[in-house]
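> There's a structure below that I have some questions on.
The values are calculated or read from the model by the stated rules, or taken from the named source; none is laboratory data. Keep in mind it's a predicted model, so treat the numbers as computed, not measured. All Cβ positions, even for glycine, are placed from backbone atoms using ideal geometry, and neighbour counts span all protein chains on display.
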There are 2 protein chains.
Amino acid sequence: MRFNAESSSDGVSERHFALGEVAGVLWSPAGATAGRPLVLLGHGGGQHSGAPGVRARARRYVTGCGFAVAAIDAPAHGDRKRSDDDERFMAEIARLRADGEAIGPRIARRNAVLASRAVPEWRATLDALQAPECLGPGRVGFWGVSLGSSIGIPLAAAEPRITAAIFGLTGQETLAGAAAEITIPVEFLLQWDDELVPRDSGLALFDAFASREKTLHANPGRHADIPAFELESSQRFFTRHLLPDSVSSTAGQLAAEA
Amino acid sequence: MRFNAESSSDGVSERHFALGEVAGVLWSPAGATAGRPLVLLGHGGGQHSGAPGVRARARRYVTGCGFAVAAIDAPAHGDRKRSDDDERFMAEIARLRADGEAIGPRIARRNAVLASRAVPEWRATLDALQAPECLGPGRVGFWGVSLGSSIGIPLAAAEPRITAAIFGLTGQETLAGAAAEITIPVEFLLQWDDELVPRDSGLALFDAFASREKTLHANPGRHADIPAFELESSQRFFTRHLLPDSVSSTAGQLAAEA
């Protein structure tokens, strides 16, 4: 892993890195990196590891929770090379949109192909981030919706170091098998009026997770309309699972009585 | 409204009251009642306004959020008189259970009858609690699942003073019409393996609310298995809507970028 550039502002260190052809960003509290939980962020389709929404979420997890946070560019995203197949996909999506046809199923199949390339890239990135000279070992969470879940669900199924995950905005078609192998706590975001993912397919994917603790958060609106309060909810989810000693012990007692 | 008994412990004042034949409890921060938000708690079937779970939730909302909290006994609950019809219902439920038959539909019809009596009782209680010599006016929320929702949903549809509500553990059959009249923010709790409420009926009821902001929280487990973290989630929901000035303004900005 090669670090290319480092900057620091408002208490957050931001380091850009490359691992082979994969570029990424590591955010952490300025001056203190070792031994803290790490949240991996999977960006959405067409975005990249330094996109404004990814960066804002990362900085929030650093300042609000004290986590380290990492994101990498998915295959064919950011500055990474596009293959002929990538170009054909983008042309086909443009044609489907122009014809007013459904693009969801085509995106799901495409994302499954990207995931097969991205999962080993994420695992190699995690190896490098947890090396003694970088963060060292610690608890690991994953957050990613849409393309971030198409990659994150098979990643979490394959990678035992990930112990809590937030997924969403995707359906069962290509992912139910991997979801059935997942037993860690999961928070799943579903948009009730998602124009890309049929409601029943999203509900069936939530149903498929083998996790004893899984919680579905469904909200009105289209694919990109996740409400602001889910950001705060995600902080609490990761704090509960990655910093368990910080959670009030009275919550369990009270709820057990309710 | 007649206050019968008052006690105070750990900073929480607890006052038992009666309004006609309806008994209830008012919890508030010791020594300070006026001008703060009020959360109405609707208890579940077979419980009452002083049940341990109701009391624990009320005290949590007082100490954690600074709210006043009130609960009243539903018709035929607590020390209230049972009619011949009430006795017939309980005998019928016992028979259905013994025969291994579904009791959910019978409970839903029964709860609709109780609600027609309970809604005016709640509204009279709210009038009395908001009188100048008691709490005075202020924002009002409602929390109640199962029987608490069978009563709370028609109550919120009829009562404009309620501006945020948490419902759940009930289905569309007798409630979709009232839900369609509700436009306030709603958090809806659904148990994925509820033995009393079919999953599709609960999802259809969530769908029926006319609220622009509504959020479904679905968790694995049976009717009574709502996980502990939903208590904390409910505090945040009511804080967001009943104490809006207390919420960080950056959450919206960050999520808008995501």
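> In the list A:ALA76, A:ALA71, which residue meets the criterion of being crowded, with 18+ Cβ neighbours inside 10 Å and at positive phi?
Numbers: A:ALA71 fails: at positive phi.
Of A:ALA76, A:ALA71, the one residue that is crowded, with 18+ Cβ neighbours inside 10 Å and at positive phi is A:ALA76.
> Is it true that some residue in segment B:54-61 is within 14 Å of chain A (Cβ to nearest Cβ), aromatic (Phe, Trp, Tyr) and either within 14 Å of the chain's Cα centre (by Cα) or surrounded by 13 or more Cβ atoms within 10 Å (Cβ to Cβ) (or both)? Reasoning before the result, please.
Narrowing segment B:54-61 to residues within 14 Å of chain A (Cβ to nearest Cβ): B:54-61.
Of the ones still in play, those that are also aromatic (Phe, Trp, Tyr) are B:61.
Cutting the leftovers down to either within 14 Å of the chain's Cα centre (by Cα) or surrounded by 13 or more Cβ atoms within 10 Å (Cβ to Cβ) (or both) gives us B:61.
Checked against the condition, which is being within 14 Å of chain A (Cβ to nearest Cβ), aromatic (Phe, Trp, Tyr) and either within 14 Å of the chain's Cα centre (by Cα) or surrounded by 13 or more Cβ atoms within 10 Å (Cβ to Cβ) (or both), segment B:54-61 yields at least one hit.
> Take the residues of segment B:170-194 that are in contact (Cβ under 8 Å) with a residue 60 or more places away in the chain and closer than 26 Å to A:GLU230 by Cα: which is surrounded by the fewest Cβ atoms within 10 Å (Cβ to Cβ)?
Once the filter is applied, the top-ranked residue is B:GLY171.
> Go through segment B:81-140 and report how many residues are aliphatic (A, V, I, L, M) and more than 18 Å from the chain's Cα centre (by Cα). Break it down into steps so the answer makes sense when it comes.
Our first condition is that a residue be aliphatic (A, V, I, L, M); within segment B:81-140, this holds for B:90-91, B:93-94, B:96, B:98, B:102-103, B:107-108, B:112-115, B:118-119, B:124, B:126, B:128-129, B:131, B:135, B:140.
This time we only want the ones that are more than 18 Å from the chain's Cα centre (by Cα), so: B:90-91, B:93-94, B:96, B:98, B:102-103, B:128, B:131, B:135.
Number of matching residues: 11.
> Right, next: For the subset of segment B:4-21 comprising residues that are farther than 21 Å from B:ALA56 by Cα and of a type outside the set (Gly, Ala, Ser), which member is surrounded by the most Cβ atoms within 10 Å (Cβ to Cβ)?
Top of the filtered list is B:LEU19.
> Any residue that is in contact with an Asp or Glu (Cβ under 6 Å, 6 or more places away or on another chain) and surrounded by fewer than 22 Cβ atoms within 10 Å (Cβ to Cβ) - is there at least one of those in segment A:29-36? Working first, answer last.
Let us first name the residues in segment A:29-36 that are in contact with an Asp or Glu (Cβ under 6 Å, 6 or more places away or on another chain), namely none.
No: segment A:29-36 contains no residue that is in contact with an Asp or Glu (Cβ under 6 Å, 6 or more places away or on another chain) and surrounded by fewer than 22 Cβ atoms within 10 Å (Cβ to Cβ).
> For B:PHE167, state whether it is facing chain A (nearest Cβ under 10 Å), modelled with pLDDT of 95 or more and within 25 Å of A:VAL186 (Cβ to Cβ).
Numbers: facing chain A (nearest Cβ under 10 Å): no; modelled with pLDDT of 95 or more: yes; within 25 Å of A:VAL186 (Cβ to Cβ): yes.
Spelling it out, it is not the case that B:PHE167 is facing chain A (nearest Cβ under 10 Å), modelled with pLDDT of 95 or more and within 25 Å of A:VAL186 (Cβ to Cβ).
> I've got another one for you. Tally the residues that are surrounded by fewer than 19 Cβ atoms within 10 Å (Cβ to Cβ) and under 23 Å from A:HIS16 (Cβ atoms), restricting the search to segment A:138-158.
Residues in segment A:138-158 being surrounded by fewer than 19 Cβ atoms within 10 Å (Cβ to Cβ) and under 23 Å from A:HIS16 (Cβ atoms): 1 in total.
> Can you tell me which residues in segment B:197-213 are part of a helix (DSSP H, G or I) and under 26 Å from B:GLU101 (Cβ atoms)?
From segment B:197-213, those part of a helix (DSSP H, G or I) are B:199-208; that's our starting set.
The answer is B:ARG199, B:ASP200, B:SER201, B:GLY202, B:LEU203, B:ALA204, B:LEU205.
> May I ask you to list the residues in segment A:144-187 that are assigned to a strand (DSSP E or B) and among the small types (Gly, Ala, Ser)?
Of all residues in segment A:144-187, those assigned to a strand (DSSP E or B) come to A:144, A:162-168, A:186-187.
A:GLY144, A:ALA164, A:ALA165, A:GLY168, listed by residue number.
> Please enumerate the residues belonging to segment B:17-40 that are β-branched (Val, Ile, Thr) and either over 19 Å from the mean Cα position of the chain (by Cα) or not in a strand (DSSP E or B) (or both). Don't jump to the end; show me each part of the working.
Just the residues of segment B:17-40 that are β-branched (Val, Ile, Thr), to begin with: B:22, B:25, B:33, B:39.
Correct list: B:THR33 only.
> Still on this structure, I have one more. On the given criteria, is A:ALA204 surrounded by fewer than 19 Cβ atoms within 10 Å (Cβ to Cβ) and either at pLDDT 95 or above or within 26 Å of A:ARG60 (Cβ to Cβ) (or both)? Spell out the reasoning first.
Working: surrounded by fewer than 19 Cβ atoms within 10 Å (Cβ to Cβ): yes; either at pLDDT 95 or above or within 26 Å of A:ARG60 (Cβ to Cβ) (or both): yes.
Yes.
> Same structure, new question: Output the number of the condition that B:GLU6 fails; it satisfies all remaining conditions of (1) without any contact (Cβ under 8 Å) to a residue 40 or more places away in the chain; (2) under 23 Å from B:ALA165 (Cα atoms).
The one condition B:GLU6 does not meet is (2).
> For segment A:214-228, name all the residues that are touching an Asp or Glu at 6+ places or on another chain (Cβ under 9 Å) and not in a strand (DSSP E or B).
Here is the first cut: in segment A:214-228, the residues touching an Asp or Glu at 6+ places or on another chain (Cβ under 9 Å) are A:214-217, A:219-223, A:225, A:227.
Matches in segment A:214-228: A:PRO220, A:GLY221, A:ARG222, A:HIS223, A:ASP225, A:PRO227.
> When segment B:63-76 is examined, which residues are found to be in contact (Cβ under 8 Å) with a residue 40 or more places away in the chain, within 23 Å of B:ALA124 (Cβ to Cβ) and not acidic (Asp, Glu)?
Matches in segment B:63-76: B:PHE67, B:ALA68, B:VAL69, B:ALA70, B:ALA71, B:ILE72, B:ALA74, B:PRO75.
> Taking only segment A:16-36 into account, find how many residues are touching a Ser or Thr at 6+ places or on another chain (Cβ under 8 Å), charged (D, E, K, R) and closer than 23 Å to A:ALA76 by Cα.
0
> In this structure, does A:VAL197 turn out to be buried (at least 19 other Cβ atoms within 10 Å of the Cβ), away from chain B (no Cβ under 14 Å), within 20 Å of A:LEU242 (Cα to Cα) and in contact (Cβ under 8 Å) with a residue 60 or more places away in the chain? Walk me through it before giving the result.
Details: buried (at least 19 other Cβ atoms within 10 Å of the Cβ): yes; away from chain B (no Cβ under 14 Å): yes; within 20 Å of A:LEU242 (Cα to Cα): no; in contact (Cβ under 8 Å) with a residue 60 or more places away in the chain: yes.
The answer is no for A:VAL197.
> While we're looking at this one, here's another question. Give me a count of the residues in segment A:200-240 that are more than 9 Å from chain B (Cβ to nearest Cβ), of a type in the set (D, E, K, R) and under 16 Å from B:LEU203 (Cβ atoms).
1
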